[in-house]
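All remarks here apply to the structure that follows.
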Amino acid sequence: MALTLPTAVMTRNVHPDNQNVLLVDDDPSMRRLLSRWLQEAGYHVRQASDGQEALDEIDLDCPDFLVTDWEMPGMNGLELCRRVRALDLSKYVYILFLTVKSTSAEVIEGLDIGADDYLSKPIIQGELIARMRAGARIIELERWLGVMARTDPLTGLITQRAFFDAFQKEWERTSRSRSSLSCVMLDIDFFKRVNDLHGHPMGDAVLKVIGNVLEDNCRTNDVLCRYGGEEFCAMLPETDEMAAAAWAERVRKLLAETTVSLSGKTLQVTASFGVSQRIEDTQSVEELVDRADQALLCAKQSGRDRVVRFTSLSDTNAVDLAEADQHGIFKGAEARHVMSPMVACLQQDETIGQAAEFFLRSRINSTPVVDGEGILVGILSEKDLMAALVTPECWGRPVREVMKPNVICYEESTPVQTIYEFLCRVSIRRVIIVEEGRPTGTISRGTLLRWFRNLVVSKGLLDSSSTNQSCLEKDPCRSKERLAETADALAQLAAGLKKCLQDDCDDLMPHIVGSATRMQDLVNDLLAFSRFANPGPVTGAEALRAMMLSTGHAD
């Protein structure tokens, strides 16, 4: 795509009032003469008598122009030019050589080392000023291109690359001062729908409005960027995670109240936010941003239009994603095929005392909370109860007052690989599986580990030395006997549970949960021995079918 440059940059003479010149020459009379000419033309001039003094001046305040003599004692102009080009400067420095050297080889050497132009001695005042004006146009163009490279043209915010450059500098500063530093990631909810239903111009308008809202609600030392697509990122110096979350919550509410208008159409959008703070074990800028991204992912997966703090997830560090699924382990597998069925849920209007009794009787440490229609509204853990049980009066408070509303949930039809990658990436240990908003099961890391191991064993992808099946390799007939024994044990458990239900026992919960737990162990045994159920190798489809039958999800 062709780049169109502003006409003003291409045609106008840049006024020298805001141009700084560093003049380097070992001859004091030459410095005085050239300095007077440049000052008369409007330039701000500083002087240096040799190359090292020039480098010191550049370190103090980077100039726009470096006008230097070629021949100087100690460090000559050529070496000075080489050293300047090797520096990581805040802006481009236009270098003009003043020299008696005029052969082609010498001119080529100077230009190759990094000079932009040269002027032969004796110096003519008009030619010097004309070459300075030409250099000013180059400087203006270079800076305009730099701004374009560092700025998102749609929102006017800086780009991701420029953001990380600024973040790294602030990271180094806070490393010395040990002050707080936080990061906020935000993502526009269902942005693809905006483009699909209302067109890309409306999508662009939404991005612009959100960029303006963010800028209007930031301090001068905060740094914002358009991170990519519909994602934005903010760096908040001197801010801890709680304060950053409060800022994010304020911006979230403002965005939800903001109307985007375009061509007679109006639209309101929401955004999800993830917040993280630099702590002692945060190793880099990238890790801090990634933690905010993890929290953002949880905010999106738990219902969107909310703020989630990274420290609210877990104390455990996130792990790397596993390698690509080369053997098709996940192919065709959905959440309903893997989940542990939901035994019971708490009602949001039940009391904390009732919840405590429920936890003690059922021997679980967390459970989903539902409303009167069975719709998932939160999750309650033993830790939440312990924090609430300060006085006996707390036992009468409803569960909805202490539960966590942000529940990570997936539909039953979600591919298992999606949940697997999510649990590998974030710090939480399990997710809730729902059907039309009603919880039907859970998938934890332990659930996936068991499922994964059983499936690869069933498909013959693990050799006998890596499993406890070596004895069964030698005696597959014995494995069939074990399958039969396990099936009998399952039948006895099911019969006992059915009798308990028919007898209408006073306390069914321990029987139900205990029976379900023992059944789950036996089902795992069935899957472990299922490799020997057929005379030939077990295919992935057959193994998946067996797992579906064991959980009652097959036709």
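General remarks:
- Residue satisfying all of: in the range 235-257; buried (at least 21 other Cβ atoms within 10 Å of the Cβ) and more than 17 Å from ASP305 (Cα to Cα); nearest to the chain's Cα centre (by Cα) among these: MET235
- Residue that is touching a Cys at 6+ places or on another chain (Cβ under 8 Å) and assigned by TED's automatic domain parsing to the domain that holds PHE422, where the choices are VAL407, VAL369, VAL402: VAL369
Residue by residue, here is whether (1) loosely packed, with under 14 Cβ neighbours inside 10 Å; (2) aliphatic (A, V, I, L, M); (3) in the same structural domain as GLU40 (by TED's automatic domain parsing); (4) more than 30 Å from LYS253 (Cα to Cα) holds:
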{"site": "ILE108", "(1), (2), (3), (4)": "yes, yes, yes, yes"}
{"site": "ASP117", "(1), (2), (3), (4)": "no, no, yes, yes"}
{"site": "ARG137", "(1), (2), (3), (4)": "no, no, yes, yes"}
{"site": "ASP189", "(1), (2), (3), (4)": "no, no, no, no"}
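- The residue pairs whose first member lies in the range 120-137 and is over 15 Å from GLY42 (Cβ atoms), whose second member is surrounded by fewer than 14 Cβ atoms within 10 Å (Cβ to Cβ) and not charged (D, E, K, R), and whose beta carbons are closer than 6 Å, counting only pairs six or more residues apart or on different chains, are SER120/SER102; LYS121/VAL100.
- Residue satisfying all of: in the range 331-373; modelled with pLDDT of 90 or more and charged (D, E, K, R); surrounded by the fewest Cβ atoms within 10 Å (Cβ to Cβ) among these: GLU373
- All conditions but one from (1) over 14 Å from SER302 (Cα atoms); (2) surrounded by 14 or more Cβ atoms within 10 Å (Cβ to Cβ); (3) at pLDDT 85 or above apply to ALA388; the one that does not is (3).
- Extreme residue, nearest to ILE108 (Cα to Cα), among residues of the range 37-89 that are among the small types (Gly, Ala, Ser) and touching an Asp or Glu at 6+ places or on another chain (Cβ under 9 Å): GLY77
- Among residues of the range 136-152, those that are in contact with a Phe, Trp or Tyr (Cβ under 8 Å, 6 or more places away or on another chain) and outside any helix (DSSP H, G or I), counted: 0
- Here ARG161, ARG173, ARG219 are screened, and the one residue that is farther than 18 Å from GLU286 by Cβ and surrounded by fewer than 18 Cβ atoms within 10 Å (Cβ to Cβ) is ARG219.
- In the set THR174, THR155, only one residue is assigned to a loop (DSSP other than H, G, I, E, B) and within 22 Å of the chain's Cα centre (by Cα); that residue is THR155.
- Selection status of VAL260, under 19 Å from LEU197 (Cα atoms), without any contact (Cβ under 8 Å) to a residue 60 or more places away in the chain and either surrounded by 15 or more Cβ atoms within 10 Å (Cβ to Cβ) or of a type outside the set (S, T, N, Q) (or both): yes
The values are calculated or read from the model by the stated rules, or taken from the named source; none is laboratory data. Please read all numbers here as calculations on a predicted model, not as lab measurements. Positions of Cβ are generated from backbone atoms using ideal geometry, with glycine treated the same way; all protein chains shown enter the neighbour counts.
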